[in-house]
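The values are calculated or read from the model by the stated rules, or taken from the named source; none is laboratory data. The structure displayed is predicted, hence computed values, not measured ones. So basically every Cβ, Gly included, is an ideal-geometry build from the backbone, and we count neighbours across all protein chains shown.
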There are 2 protein chains.
Amino acid sequence: MPQQARAQATRKSIVEGSAKVFLDVGYARTTIAQVAAASGVTKGALYFHFDSKEALARAVIEENLSATTAIGLRVLSGGYSALESLVRISAGIASELIEEPMTRAAVRLTMEDSDLQFREDVPYVEWIKTCETLVQRAVDEGSVRDDIDVQTLARFLVSAHTGVDTVSGIVADREDLLQRLQEMWTMVLPGIVPPDKHVQYLGLAHLVRQPEVGTQA
Amino acid sequence: MPQQARAQATRKSIVEGSAKVFLDVGYARTTIAQVAAASGVTKGALYFHFDSKEALARAVIEENLSATTAIGLRVLSGGYSALESLVRISAGIASELIEEPMTRAAVRLTMEDSDLQFREDVPYVEWIKTCETLVQRAVDEGSVRDDIDVQTLARFLVSAHTGVDTVSGIVADREDLLQRLQEMWTMVLPGIVPPDKHVQYLGLAHLVRQPEVGTQA
């Protein structure tokens, strides 16, 4: 393997190893020695790539932002209606949380945020903006009522999704997450879809539990 | 002060002091010495009341459960309709989170839960049950559609409230929490109130931002 590729592979192992440790014991109790052990590298090699625990945490959060952005882009390139895209993105993010330790670690780090001063790259802000664009398109397409404030609905959808994830995580270790998310959309859609479009759009909630949703486009 | 009253006052100071420290630095980094200093007691006095950091964390969470239960009871004894009670309880809990370090500390400890094994007294479970009782009453009173599953709606309301709190906390340090909560009810009510009752019940969302709501009955 050429040197640069080897360096990139090592860096990747370290980020994955640190995600496992952060997820397991939280930011404060994570030690560089644990991360080195979990990554299968020496502390020296680790310090060559990351100069602090905070740098490791940032790398995990950035890695996850890329993964989340990738889910969004995959769905957006699928040619779905805007409302269907919103449902598919929330389903894709939930599947990621169920399957990917990196994502769960990033969420845990974000929740423990208050001491970490990661605020300059708050994940929710970007997510809310993407959502706003889609809600505006949904209004234009007639699938969301035009008397609803676009920004308010976008923020509410992100918040509701986040709360469903949090409560499912605490109460059921996320085992019921997709079911709860489908229920969320079942509760929310009748209030935001114009009454004469209910037949056309209320069924979108059922998309959530189709395994391929969000992961393919 | 008689000896028992003095002991109770000391215990109260310690629980309040530990809430401040937990809120400030999180569970993992909290030390008994910091709690003793924040409480104005000696480490000896502290150990007389609490034998471990985990016992302190449990006391904060229990104290907060009592406060949340008290909000619920105050609202429930107010003679409001069930749907109005649901709105008032969520407003009351939000106000408590804005004003009370004890409540914020308990929420932080719950979020950091995964290592703390506080699972036997998961706060959400009780809250969802209370909500279920109120949603069933709201269905009986005709303010919530009778084709909605009571348990599902109860869990969704608790989840949505939790997410609104989380996102407001991360993005705006809870400064916009009451506004976001009003928006949540504005988004949710049209979907759950029967269409012929919209005029009567949709205005309940505005209750959230009245300062006395939830704190009095």
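Reported count of residues in the stretch A:18-50, each being in a loop (DSSP other than H, G, I, E, B), among the small types (G, A, S) and within 14 Å of chain B (Cβ to nearest Cβ), is 0.
Considering only the stretch A:137-160, I want to know if a residue exists there that is more than 17 Å from the chain's Cα centre (by Cα) and at pLDDT below 90. Scanning the stretch A:137-160, I find no residue that is more than 17 Å from the chain's Cα centre (by Cα) and at pLDDT below 90, so the answer is no. Residues that are within 16 Å of B:I128 (Cβ to Cβ) and surrounded by 22 or more Cβ atoms within 10 Å (Cβ to Cβ) were ranked within the stretch A:177-188; the one that is farthest from the chain's Cα centre (by Cα) is A:M187.
Residue count for the stretch A:189-201 under the criterion of being surrounded by fewer than 21 Cβ atoms within 10 Å (Cβ to Cβ) and at the interface with chain B (Cβ under 10 Å from one of its Cβ atoms): the result is 3. Scanning the stretch B:32-56 for residues that are closer than 13 Å to B:V21 by Cα and of a type outside the set (V, I, T) yields B:A33, B:Q34, B:A36, B:A37, B:A38, B:S39, B:G40, B:K53, B:L56. Scanning the stretch B:16-35 for residues that are crowded, with 17+ Cβ neighbours inside 10 Å and either without any contact (Cβ under 8 Å) to a residue 40 or more places away in the chain or in the same structural domain as B:P101 (by TED's automatic domain parsing) (or both) yields B:G17, B:V21, B:T30, B:Q34, B:V35. Residue count for the stretch B:136-165 under the criterion of being surrounded by 22 or more Cβ atoms within 10 Å (Cβ to Cβ) and facing chain A (nearest Cβ under 10 Å): the result is 12. Taking the criterion of being of a type in the set (S, T, Y) and either at pLDDT 90 or above or closer than 14 Å to A:Y47 by Cα (or both), the residues of the stretch A:6-29 that qualify are A:T10, A:S13, A:S18.
Looking at B:V171, is it surrounded by fewer than 22 Cβ atoms within 10 Å (Cβ to Cβ) and among the hydrophobic types (A, V, I, L, M, F, W, C)? Here the answer is yes, as B:V171 does meet what is asked. Tell me, yes or no, whether the stretch A:77-100 has at least one residue that is surrounded by fewer than 22 Cβ atoms within 10 Å (Cβ to Cβ), of a type in the set (K, R) and modelled with pLDDT of 90 or more. Among the residues of the stretch A:77-100, not one is surrounded by fewer than 22 Cβ atoms within 10 Å (Cβ to Cβ), of a type in the set (K, R) and modelled with pLDDT of 90 or more, which makes the answer no. Being more than 7 Å from every other protein chain (Cβ to nearest Cβ), within 16 Å of the chain's Cα centre (by Cα) and modelled with pLDDT under 95 is the requirement here; does A:R174 meet it? Here the answer is yes, as A:R174 does meet what is asked.
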